[in-house]
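**Q** If you scroll down you'll find the structure; I have some questions about it.
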Amino acid sequence: MASPTAPGGINQSDPSPSWQAQSQQMPLLVRRCGAWAVEISLIAASALVPFSIGALVNKDAQTVPLNPSVAAVSETVARILGRPVRDRNPRVAPLTNLFWSGALLAPAVLAAWQLFLLARTGQTLPKRWFAVKVVTASGAPPGFGRVLIRESLGRWGVPLGVAYGIWRLSGAFPDLIILGGLSGLAVLADGAFAFRYKRQSGHDRLANTLAVNGRSDQMSANPVTSQDWTQEDAQIAALVLTPETNVKEEPSLWNWMRQHPGTTLVIVTVGSAGLILTLFAGTLIYTQSQANMRDSRQRNDELFVALVSKLSPASPSGTSGRRSAILALGAVEDSRAVPLLADLLAQEDSRPMLDAIQQALVSSGPKALPDLRRLNQALSNDLESLRFGGKAPERELAAARQRTVQRAIGKILTVYSSQLNGADLSRTDLSQSPAGPAQFLLVLDKIDLSGIKLRNSNLTNASLQETRFYGTGEDRRPGTFDDWISDLSSANLEGANLTGASLKSAVMNRTTFVRAVMNKANLSNGILNGANLSSALLIGANLQQAMLKDASFTGADMGSANLSGANLSGARLGKVKAQGTQLSLTNLSKSEWQGADLSGADLSGANLQNADLSSAKLANANLKDARLQDANLRNADLSSVDFRGANLAGANFQGAVFLSKAGSDQFIQNPVGSKSGRFQGVDFADAKNLDRSQIAYICLQGGFHPKCPQKN
């Protein structure tokens, strides 16, 4: 019978015999823990290294979609862990795709190779380094079946499954710190079995394996007489080296059936009879249900045909009969009803019939939205073409049909509020219509539009006060994967009223908010890259952690708004009103603030590298610990600004005002005034274009500059 130390099928030389000899002197439990830690580290490194390289080479010029396999895995992980996904369609650099695909493939290949070695030899590379070997009770390598049970089910599946179940059911979801703690405790509990069951951890007992000393090939062929043989190994040898004749036959289903033929016959007979009865009953139920479905379908077909026959203008039932048939179609459970109503609306020229069709479509509910969206787009094209050369009656009729479609959509959104997650109204024209018979104004105040898609839609001048575009999803927890997040990318909301609206986490890339009213709106964690908020009112709005790269705020009023932690890299904020605005820890690199009013704003810790703040008003602003490298502060009003801890290397202070005087916008000619401490310890040595008077004031206020007089 094989010895527990006999080498397996794959023989690899020891790269460091002296190190392995030292490791063999450690207790087996310590070596097992060390081998396990190295195995995990190798798998983690094989994923983290290419992932980190991919993140570093991911430039701003994102030109290709993320690899579908990587996207699917990341989405699956996010769903399991309840992590929010801000960008569902990410685009990355080509090299990033390559490295991130490698980060997905390398751990799988490495893990498969290590499992192969473990199955064939009983040792992975780390186990060989630490002189640990996994064997069966007979001393043989475990084989592929036992390895899969030991590693996938015993070591990770059961412990992590139990930890995950407790995490989801205990209310700790989605806190990842608690999940990590529970997972660690579960893994420790699995290993704690080794103290009770003679070095058999939980996964070893499940796979019926042992972890023993794994000696090098130079060990004695008789481990009992070897000087390295320990008392602990001798106890295991009593199990491993037991003569085969004394080993009991392993219990199995086949052996039990051979020993109990009568009981087996009874069980098979009863089971077969039960299976036959079940199949017979299931067949009857299925046949009856199919018959009922056919009868119901036939009745619906007869009703649908009867209603359609009344829709003809030549029908004997007349106008009232047509109207009744149209309204009845809205309540019929037939997939043909809504498309038929949409076709009728596109051809109808009677205003009363148009109103009846509108009511029927509203009764159909959200399922009518796809057909209404297509009809809306077609009518918009018709109106655009009729604008050039069309006759007035044709334009009026097309406008009346479009108004009917718009009102039907508006009513469905109102009546079925909070049931619109996933509804697609992309490229829909819901803009305000001119005065007259075709006048329309979308009013959806205090409506729940969570999860709706309005990409490239036109909602000009719409009233959306306190409307919600964000929902917590089925788990009722904010900030998780299943959150209902609306998509308004490239939509036109010019002049819209969004006062108090909740646009948290909404996707609004390149969306137009020109002259929109967004006071006290919640846009935290929103994605507004390239959005146009020129002349918008954002007083008291919440834009914390929002993505606003290359956004335009020219002329906007964002007084007392909160943009802490937001990313406004490259944003255009010329002549904005931002008095008292919270901009702490905000990324404002390369942003443009020419002529902006930032009086009293909090810019502590903000990144203002290469920002243009020329002629901006920064009186009483807080710039503590701000990064102002190469920033342009030319002619800016910096009176009473707190610069403590700021990095001013390369900043341009030409004509900047450090202390204002009543009735004068010019910088003081003589350094007067008391010390405020706002410049204390601030280094102006690498600042640019400081004149003599500015340097004198800096020195007076405790700042540092090479031209400051030396103190004795």
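**Q** Tell me, what is a quarter of the convex hull surface for the C-alpha atoms of the stretch 49-109, in nm² with one decimal?
**A** Over all viewing directions, the stretch 49-109 projects a mean Cα-hull area of 4.2 nm².
**Q** Now a separate question. Could you list, by residue number, the cysteines of the chain that have no other cysteine's beta carbon within less than 4.7 Å of their beta carbon?
**A** Cys33
**Q** Over the alpha carbons of the stretch 363-450, what is the largest minus smallest coordinate on each principal axis, giving the biggest first in Å?
**A** Here the spans come out as 43, 23, 21 Å, largest first.
**Q** Among Glu466, Glu474, what's the order by accessible area (1.4 angstrom probe), most exposed first?
**A** Correct descending sequence by accessible area is Glu474, Glu466.
**Q** What does the convex hull of the Cα atoms come to per residue for the stretch 363-409, in Å³?
**A** 53
**Q** Based on alpha-carbon positions alone, could you give the equivalent ellipsoid semi-axes of the stretch 251-302 from the gyration tensor, as √(5λ), descending, whole Å?
**A** Values: eigenvalues 415, 19, 3 Å².
Semi-axis lengths for the stretch 251-302 are 46, 10, 4 Å.
**Q** Which FRET efficiency value, to the nearest 0.05, do you get for Lys411 and Gln288 by plugging their Cβ-Cβ distance into 1/(1 + (r/R0)^6) with R0 = 35 Å?
**A** Values: r = 40 Å, r/R0 = 1.15.
The value I calculate is 0.30.
**Q** Can you give the extra length, in nm with one decimal, that the chain gains between Val158 and Phe388 once fully stretched, where that is 0.36 nm per residue apart less the Cα-Cα distance?
**A** Here the segment from Val158 to Phe388 would lengthen by 75.7 nm.
**Q** Work out Dmax and Rg for the stretch 50-192 from the C-alpha atoms and quote the Rg first, both in angstrom.
**A** 19.1, 60
**Q** Kindly state, to the nearest 0.05, the FRET efficiency for Asp87 paired with Ile177, given R0 = 25 Å and r defined as their beta-carbon distance.
**A** 0.55
**Q** For labels at Asp475 and Ala137 in the simple 7 Å Cα→Cβ model, what's the distance in nm?
**A** Each label point is offset 7 Å from its Cα along the Cβ direction, giving 4.3 nm.
**Q** OK, next. When only DSSP loop residues count, what trypsin sites (Lys or Arg not before Pro) in the stretch 44-110 have their Cβ near at most 10 other Cβ atoms within 10 Å?
**A** In loop regions of the stretch 44-110 (DSSP not H, G, I, E or B), the sparsely surrounded trypsin sites (Lys or Arg not before Pro) are Arg88.
**Q** On to the next question. Quick test of the membrane-span-like rule: which DSSP H helices of the chain reach at least 30 Å along their long axis (C-alpha atoms) with mean Kyte hydropathy at least 0.5?
**A** Flagged H segments are 28-56, 94-121, 176-196.
**Q** Still on this structure: Suppose all protein chains stay in the model; what accessible area per residue would a 1.4 Å probe give for the chain, in Å²?
**A** Ligands and nucleic acids excluded, the figure is 51 Å² per residue.
**Q** Once neighbouring chains are kept in place and the probe is 1.4 Å, which whole percent of the accessible area of the chain is contributed by carbon and sulfur?
**A** Accessible surface attributable to carbon and sulfur in the chain totals 57 percent.
**Q** With the dipole of the chain worked out from charges on the C-beta (+1 for Lys and Arg, -1 for Asp and Glu) around the Cα centre, which of Ala521, Phe280, Ser433 lies farthest toward the positive end?
**A** About the Cα centre, the residue reaching furthest to the positive side is Ala521.
**Q** Pulled fully out, how much extra length does the chain show between Asp349 and Arg297, if you take 0.36 nm times their separation in residues and subtract their Cα-Cα distance?
**A** Details: separation 52, 0.36 × 52 = 18.72 nm, distance 3.26 nm.
Gain in length upon complete extension: 15.5 nm.
**Q** A further question on this structure: Can you give the percent of C-alpha pairs in the chain whose distance is more than 32 Å?
**A** Pairs farther apart than 32 Å: 71 percent.
**Q** Something else about it: Pull out a ≥ b ≥ c, the square roots of the eigenvalues of the alpha-carbon gyration tensor of the stretch 573-661, then state rounded if a/c is under 1.5, prolate if not and a/b is larger than b/c, and oblate in the remaining case.
**A** Details: a/c = 1.15, a/b = 1.08, b/c = 1.06.
Verdict is rounded for the stretch 573-661.
**Q** Residues with amide H under 5 Å of Lys688's amide H, sequence separation 5 or more or different chain, H placed in the peptide plane at 1.01 Å from N; which?
**A** Counting only residues 5 or more places away or on other chains, the set is Gly650, Ala651, Asn652, Phe653.
The values are calculated or read from the model by the stated rules, or taken from the named source; none is laboratory data. Everything numeric in this text was worked out from a predicted model, so none of it was measured. Ideal geometry is used to build each Cβ from the backbone, glycine not excepted, and the neighbour counts take in all protein chains shown. Areas reflect the complete protein model, heavy atoms only, side chains present, ligands, DNA and RNA absent. Shrake-Rupley method; radii C 1.70, N 1.55, O 1.52, S 1.80 Å.
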